[in-house]
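See structure below.
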Amino acid sequence: MEETAITFKVLLQPRASREGIDGLHGDAVKVRVFAPPLEGKANKALKRFIAKKLNISSSQVEIIAGQRSRQKLLRITGISRAEIEKTLGIALPSV
């Protein structure tokens, strides 16, 4: 089986009062996490949150751009675009 990799933009809101997905914000999926943007904590929380939502391992979620920015580029492996869109309840814009 060929490894699938889906890439999409995320706008991360750290230190949110509640975690969740706020739909699309421009061409990015807006995600809120509790963690502060210190020492990579918000990035780790984002990876954990997305992995848990999609029922995959956090090692299948990779931040390939925007390590120190609120705007990030995620690569998800081992799951189809259709599965991601169905689970998150949004249509991913193409990158």
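Just so it is clear, none of the values below were taken in a lab; they were calculated from the coordinates. Note that the structure is a prediction, hence the values are computed from the model and not measured.
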Checklist entry - Could you work out the helix-only [θ] at 222 nm for the chain, with each DSSP H run of four or more residues adding -39,500 (n - 2.57) and the total divided by the number of residues, to the nearest 500 deg cm²/dmol? => result -7000 deg cm²/dmol
Checklist entry - How large is ³J(HN,Hα), in whole Hz, for each residue of the stretch 88-93 in order, when computed from phi with the Karplus curve 6.51 cos²θ - 1.76 cosθ + 1.60 and θ = phi - 60°, using x for Gly and Pro? => result 7, x, 9, 8, 6, x
Next on the checklist: Using amide H atoms built in the peptide plane, which far-off residues or other-chain residues are under 5 Å from G78 H to H?
Outcome noted: T4
Item to check | Between the stretch 7-23 and the stretch 67-93, the Cα center-to-center distance that results, in Å | outcome: 11
Item to check | the chain: angle of helix 41-54 to the longest principal axis, Cα-based, in degrees nearest 10 | outcome: 40
Checklist entry - Dividing the convex hull volume of the alpha carbon atoms of the stretch 5-88 by its residue count, what do you get in Å³ per residue? => result 81
Checklist entry - What percent does the relative contact order of the stretch 5-88 come to when contacts are Cα pairs within less than 8 Å and at least six residues apart? => result 32
Next on the checklist: Please list, in order along the stretch 8-16, the HN-Hα scalar couplings obtained from phi with the Karplus expression 6.51 cos²θ - 1.76 cosθ + 1.60 (θ = phi - 60°), rounded to whole Hz, x for Gly and Pro.
Outcome noted: 8, 8, 10, 9, 8, 10, x, 6, 6
